[in-house]
Every structure is written in structure tokens, then in C-alpha cells.
1. Could you list, ordered by first residue, the pairs with Cβ atoms under 7 Å in which the first is in the range 72-91 and of a type in the set (S, T, N, Q) and the second is crowded, with 20+ Cβ neighbours inside 10 Å, at least 6 apart or interchain?
2. Which condition breaks for ARG271 when tested against (1) under 16 Å from the mean Cα position of the chain (by Cα); (2) in a helix (DSSP H, G or I)?
3. Could you grab me the full set of residues in the range 201-222 that are crowded, with 22+ Cβ neighbours inside 10 Å and in a loop (DSSP other than H, G, I, E, B)?
4. Out of SER71, SER46, I need the residue that is over 27 Å from CYS277 (Cα atoms), surrounded by 16 or more Cβ atoms within 10 Å (Cβ to Cβ) and of a type in the set (S, T, N, Q). Which one?
5. Please indicate, with yes or no, whether at least one residue in the range 236-243 is under 18 Å from ARG214 (Cα atoms) and out of contact with any Leu (no Cβ under 7 Å at 6 or more places or on another chain).
6. In the list GLY202, GLY198, which residue meets the criterion of being farther than 21 Å from ILE105 by Cβ and either within 17 Å of the chain's Cα centre (by Cα) or of a type outside the set (Ser, Thr, Tyr) (or both)?
7. Select from the range 189-200 the residues that are of a type outside the set (Gly, Ala, Ser) and in a helix (DSSP H, G or I) and list them in ascending order.
8. Filter the range 88-121 for residues that are over 23 Å from LEU149 (Cα atoms) and surrounded by fewer than 24 Cβ atoms within 10 Å (Cβ to Cβ) and give the result.
Amino acid sequence: MDSGRVKFTGKIELAGRELNFTGRTLVMGILNVTPDSFSDGGKFFSKDDAIARGITLADDGADIIDIGGESTRPGSAAVGADEQIGRVVPVIEELAKRVDVPISIDTRLADVARAGLDAGASIINDISALRSDEKLVELASERGVPVILMHMQGTPETMQKDPYYEDVIAEVKEFLRERIEFSTDAGIERGKIIIDVGIGFGKRLADNYALIDRIEEFYELGCPVLVGHSRKSFIGKTLGLDVSERDDVTLAISGLLAYKGVHILRVHDVRSTRRACEMIYRLTGGVL
């Protein structure tokens with residue numbers, strides 16, 4: 001099976017590090033520094049717990065640690081910049097000293113991203129694809145850091161209120177193509193753009209299925225592709241599983257996506273995912 005990985009097999013340079021897409025699928029570990037995350041219910045909201053979790057993610061083999069101070073689950077309310085900064089900056093500062101893993105700051109706000117970068121993050125992960133804060137694109141261009149652009153229909157508050165597509169693949173692809181062009185026109189290097197199809201963000205059950213099944217079609221956009229499917233509600237709706245019971249199914253989907261050549265998987269269970277990605281890479285002809 002041709003995974004389509006040949007569409008992008010380069011590297012993204014970071015400050016003293018790199019994201020290398022010439023081998024196995026990379027694993028991004030999720031660290032929610034929030035009291036109301038859908039997946040962990042604020043388990044890592046305290047600074048000490050969040051730092052300990054970040055160290056565990058690094059020890060488990062994370063290639064990136066994604067740190068966010070705002071829950072973006074369906075129906076969630078926005079969190080102000082000062083509150084986000086107070087949550088994430090102390091964690092980023094400490095982890096940047098203690099782990100040799102790139103850190104991404106998960107935010108829609110330029111002030112939060114700036115504080116996160118100053119604290120030691122080296123990637124911006126914006127679920128709004130640089131639409132929420134016009135200053136964020138300026139910051140990304142100025143700092144020369146990689147940016148993750150995600151598709152979302154609506155906002156976290158509204159996205160699951162009757163989302164609709166005539167053709168979800170074509171519409172998500174066109175959105176991402178436009179955001180890539182917007183970003184490059186604003187001075188962001190094309191070689192530092194990562195795209196995310198936004199599983200669960202303004203999507204119906206069938207839309208999530210289609211995006212996973214046809215993920216290879218997004219490789220033609222010429223950027224690394226990230227998928228964040230971990231523990232999401234489409235799994236629960238399909239199999240009747242509580243969020244605490246979804247890790248094994250998440251891992252099965254991760255294996256499928258790795259086989260299809262996805263560049264980055266954003267997950268909670270880093271250790272199992274890393275092992276699966278390494279095994280799939282070897283089984284499909286890679287050399288570890």
C-alpha cells in the first residue's frame with residue numbers, strides 16, 4: 001500500500017532540534033493544564049502534577065509535548081490570556097529545563113503564544129488556524145517557529161451544533177489550502193506549516209470516519225499532516241464507550257493512521273502509540 005508519505009519527507013528545524021519526517025510517524029503527547037478537560041477532568045491542573053506528567057510523556061517517547069491552558073471540548077467557554085498564561089508558563093519553563101523534547105503551545109491567542117515561546121516552547125498549535133487573533137500570525141512570522149493550522153467549523157462553543165458539509169474532504173482541504181496561503185503571504189515559511197484536519201471539531205460521525213479513511217488525500221497539500229483523534233467522542237458514539245475506556249480503540253486508529261503515513265499523531269497514551277508506530281514503520285520496510 002502506498003501511504004503517500006512521499007508527499008512530504010522533509011524536516012522542520014526548531015531551536016537546536018528538528019522534527020524529522022523521513023522515518024516513523026511522530027507522537028505528540030497531550031498535556032492539558034486545565035480544570036475541565038474532556039479526557040482527564042483536570043487531573044494535571046496543578047503545576048506539580050502537570051510537570052510530572054510532562055516528564056512522563058518525555059520518558060514514554062513523546063516527540064513533542066503539546067501544552068494548553070484552555071479546554072476546547074465541544075461547548076467549552078473561552079479562557080482569557082492572563083488565565084492561560086498563569087496555567088501554562090510555569091509548566092513550560094520547568095519542562096524546558098528538564099526534558100529534551102520540543103514543546104508546542106496550544107492556544108488561539110498571541111499573548112499566550114508569546115509567553116509560551118518566551119518560556120521555552122518552540123511550536124504554535126492553533127485550533128483556529130490563525131483566525132482568532134490577527135496578532136498571532138505576526139508573532140509566528142516574526143519568531144520563525146512552526147505553526148499547526150487546524151480545521152474547525154465554528155468555535156468550541158458552537159462547533160457541534162449541527163455541523164454540515166456537502167463534501168467534508170473537499171471543504172476541509174480547501175480551508176487548509178487557503179490557510180496555508182494566508183500564512184505564507186503573511187511571512188510564515190511554508191516549510192514550517194503543519195496541518196490538522198480537526199477530528200471532532202465541528203464534525204459529524206460520518207465526517208470523522210471520512211477524514212480518517214481518506215487522510216492520504218491531504219498529503220497533496222505538501223505539508224506534514226497531524227491527526228488528533230485520541231479518546232474523542234466519535235469513538236464513544238460508535239462503540240458505546242466512556243472516555244476512560246477508549247485508549248485501546250484510539251491505539252487501533254493510531255495504527256491505521258501510521259500505516260497510512262500520517263506524520264504526527266496527537267495522543268494521550270504516548271508509550272503504546274510510540275511502540276506501535278515503530279513496529280508499523282519496520283513492518284512496512286523502514287529501518288529503525
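Bear in mind these aren't lab numbers, they're just calculated from the coordinates by the rules spelled out. Just so you know, these numbers come straight off a predicted model, no measurement behind them. Glycine gets a Cβ as well: all are built from the backbone with ideal geometry, and neighbour counts include every protein chain shown.
1. THR72/ILE127; THR72/PRO156; SER76/PRO156; GLN84/GLY69; GLN84/GLU70; GLN84/THR107; GLN84/LEU109; GLN84/VAL112
2. It fails just one condition, (1).
3. Hits for the range 201-222 are PHE201, GLY202, LYS203.
4. Numbers: SER46 fails: surrounded by 16 or more Cβ atoms within 10 Å (Cβ to Cβ).
After ruling out the rest, the residue left standing is SER71.
5. Here is the first cut: in the range 236-243, the ones under 18 Å from ARG214 (Cα atoms) are none.
So far as the range 236-243 goes, no, none of its residues is under 18 Å from ARG214 (Cα atoms) and out of contact with any Leu (no Cβ under 7 Å at 6 or more places or on another chain).
6. Answer to the selection: GLY202.
7. In the first step, residues of the range 189-200 are kept if they are of a type outside the set (Gly, Ala, Ser); the result is 189-190, 192-197, 199.
Selection gives ARG190, LYS192.
8. Residues of the range 88-121 over 23 Å from LEU149 (Cα atoms): 90-91, 93-100.
Across the range 88-121, the qualifying residues are PRO90, GLU93, GLU94, ALA96, LYS97, ARG98, VAL99, ASP100.
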